[in-house]
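The values are calculated or read from the model by the stated rules, or taken from the named source; none is laboratory data. Only a predicted model underlies this, so the values are computations on that prediction, with no experimental measurement involved. Ideal geometry is used to build each Cβ from the backbone, glycine not excepted, and the neighbour counts take in all protein chains shown.
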Amino acid sequence: ENISNIMVTGDISEKLRGCAVQLTQVRISADCTHLNVYWVTSLQEHGADERVAELLQSNAGFLKSELIKSGFIGKAPKITFVKDVTYGRGAEVERLIDKIGADIPPDLDLPESTDEQFLDSESATESVSTSAADVPSRPYVPSDMKVDIYGLDRAAIMRQVLLKTKGLGRTPLEEPTFLKPGTENLQETQAR
């Protein structure tokens, strides 16, 4: 956040104007000596990425000194700007999907057998859901699934948890007995 603030308000902002730079993430090394600042640009012209990368890297020293001046950090790590390729890959995938979508004729229909299979599976799902509403739901446990991992009986533990949460595992309190002033409790007398 501080780096982007300096880039927007500092002397670098004039140089970056028109570059459409967006910072995506910042990662610092474990020993706090290196700081990678990941960026993307929306410029599509040829050579724009290289030009922006060179501009950012040439101003890394200035950014480091501004971070120290602002008091955000005492000793600033070496700043390296890295183009975030994950955003480029996402845009490439979207472009390919659009290209494939444009190649598919709009009047293309699914084969009849596929439509019938879909309708059959849909009606089967409806019949299962209505019959399931009549029976209290229990979680499905596959027969080959082990439920006593580490020797713990999960079902018994869950039953105990449910009983405790519902308050069924608690014993009721005994009725309090009130003493009249000047009388002693019978149990205290017997204990002496």
Of the conditions (1) in a helix (DSSP H, G or I); (2) surrounded by 11 or more Cβ atoms within 10 Å (Cβ to Cβ); (3) not acidic (Asp, Glu), the single one that residue 95 does not satisfy is (2)
Can you tell me which of 61, 88 is assigned to a helix (DSSP H, G or I) and modelled with pLDDT under 80? 88
Can residue 85 be described as of a type in the set (Val, Ile, Thr) and over 14 Å from residue 2 (Cα atoms)? yes
Only one of 64, 75, 15 is basic (Lys, Arg) and surrounded by fewer than 10 Cβ atoms within 10 Å (Cβ to Cβ); which? 75
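Taking into account only those residues within segment 78-92 that are under 15 Å from residue 37 (Cβ atoms) and basic (Lys, Arg), which is surrounded by the most Cβ atoms within 10 Å (Cβ to Cβ)? Explain how you work it out, then say what you get.
The first filter runs over segment 78-92 and keeps only residues under 15 Å from residue 37 (Cβ atoms), leaving 78-87.
Narrowing the set further to residues that are basic (Lys, Arg) leaves 78, 83.
On the way: 78: 12, 83: 16.
It comes out as 83.
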Out of everything in segment 26-35 that is more than 25 Å from the chain's Cα centre (by Cα) and touching a residue at least 24 places away in the same chain (Cβ under 8 Å), what residue ends up being surrounded by the most Cβ atoms within 10 Å (Cβ to Cβ)? 34
Examine segment 4-25 for a residue that is touching a Leu at 6+ places or on another chain (Cβ under 6 Å), of a type in the set (Ser, Thr, Tyr) and free of Cβ contacts under 8 Å to residues at least 60 places away in the same chain, and state whether such a residue exists. yes
Within segment 64-85, tally of residues that are among the basic types (Lys, Arg) and assigned to a helix (DSSP H, G or I): 2
Can you name every residue in segment 27-42 that is hydroxyl-bearing (Ser, Thr, Tyr) and part of a strand (DSSP E or B)? 38, 41
